[in-house]
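Trainee: One structure is given below, represented as structure tokens, and several questions about it will come after.
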Amino acid sequence: AFGTVIFSLSVSIFCAYAFSRLKFKLRKAISYATLFTYIVPTSFLAIPFFILMMNYGLLDNLLSVIIATGTFSTPYCIWVLSEYMSSIPIEIEEAAMTDGAGRFRIFISIVLPLLTPALIAMGTYAFIYGWNEYLYVFILISKTQRWTIPLSIGAMLTSDDVPWGIMMAMSTIYSIPPVIFYYLFKRYMIAGLVRGAVKR
């Protein structure tokens, strides 16, 4: 889940900045294409993704799951962050350029701090997305020692004598981190999602 957060935010921050601040050909088309990925169900890409990870030798490696979950959570993060970034007045960056600051310095010192609510919101979204992933863990990870909790809970249902008590205990423990994560950053999530969902 934390790997998904790092992957998603690392990619989406720079993509969102490019879409909202840089002018280049097909910018709008590429921006809209990121959301087009949600038209295709993730299950349709399971076999191609399995073959791709097999060719790279990443089967039975949690990195393959991070890449999978990050691939599907990143487009939404790009969309929200780019809309949020568009709401930040560009005059702030122009003033910094006038003072001699470069684009990278402006990005690190000005843009990123202003993006904090949206980054926390998208980080929480990516965390929960990765935390709840079942299909790609089932496809890419065969060693039971590397299974995530959702897969371990699901495997219990295949036994002849289902250990309902253990399943309930695991389910309760499993639900605690997302709840803590959500309530710690609840106000940032609301601010980031609402502001980033309105196109200006």
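Trainee: Viscosity 1.002 mPa s, temperature 20 °C: what is the translational diffusion coefficient of the chain from Stokes-Einstein with a Kirkwood Rh over Cα pairs, rounded to a whole number of µm²/s?
Mentor: It diffuses with D of about 114 µm²/s by this estimate.
Trainee: Sticking with the crude label model, points 7 Å out along Cα→Cβ, report the distance from Phe50 to Trp164 in nm, one decimal please.
Mentor: Label-label distance for Phe50 and Trp164, simple model: 3.3 nm.
Trainee: Further question on the same structure: How much length is gained if the chain between Tyr38 and Lys186 is pulled fully straight, taking 0.36 nm per residue apart and subtracting their Cα-Cα distance, in nm to one decimal?
Mentor: 50.8 nm
Trainee: Expressed as a whole percent, how much of the Cα-Cα distance distribution for region 1-118 exceeds 21 Å?
Mentor: The proportion of pairs with Cα distances above 21 Å equals 48 percent.
Trainee: Now, a different point. Only four residue types carry charge here, +1 at the Cβ of Lys and Arg and -1 at the Cβ of Asp and Glu. Report the dipole size of region 41-130 about the Cα centre in Debye, rounded to the nearest 20.
Mentor: That gives region 41-130 a dipole magnitude of about 240 debye.
Trainee: As I understand it, the dipole of the chain uses +1 on the Cβ of Lys and Arg and -1 on the Cβ of Asp and Glu, about the Cα centre. Which of Thr116, Ala155, Ser82 lies farthest toward its positive end?
Mentor: Ser82
Trainee: Whole-Hz ³J(HN,Hα) for each residue in region 136-144, computed from phi via Karplus 6.51 cos²θ - 1.76 cosθ + 1.60 with θ = phi - 60°, x for glycine and proline: what do you get?
Mentor: Calculated HN-Hα couplings, in order: 6, 5, 4, 7, 8, 10, 9, 6, 4 Hz.
Trainee: Also: For the full complex of protein chains and a 1.4 angstrom probe, list Val162, Val179 by accessible area with the highest value first.
Mentor: Val179, Val162
Trainee: Assuming R0 = 35 Å, what is the FRET efficiency of Arg105 and Thr172, from their Cβ-Cβ distance, to the nearest 0.05?
Mentor: 0.15
Trainee: For Phe181, Phe138, Phe50, give the ranking by accessible area with the largest first, probe 1.4 Å.
Mentor: Sorted descending by solvent-accessible area, the residues read Phe138, Phe50, Phe181.
Trainee: To continue, here is another question. Please give the calculated 222 nm ellipticity per residue for the chain, where each DSSP H segment of at least 4 residues contributes -39500 (n - 2.57) and the sum is spread over every residue; nearest 500 deg cm²/dmol?
Mentor: Calculated mean residue ellipticity at 222 nm is -22000 deg cm²/dmol.
The values are calculated or read from the model by the stated rules, or taken from the named source; none is laboratory data. If you're wondering where the values come from, they're calculated on a predicted model, not measured in any experiment. Glycine gets a Cβ as well: all are built from the backbone with ideal geometry, and neighbour counts include every protein chain shown. The area values use the complete protein model at the heavy-atom level, side chains included, leaving out ligands, DNA and RNA. Shrake-Rupley method; radii C 1.70, N 1.55, O 1.52, S 1.80 Å.
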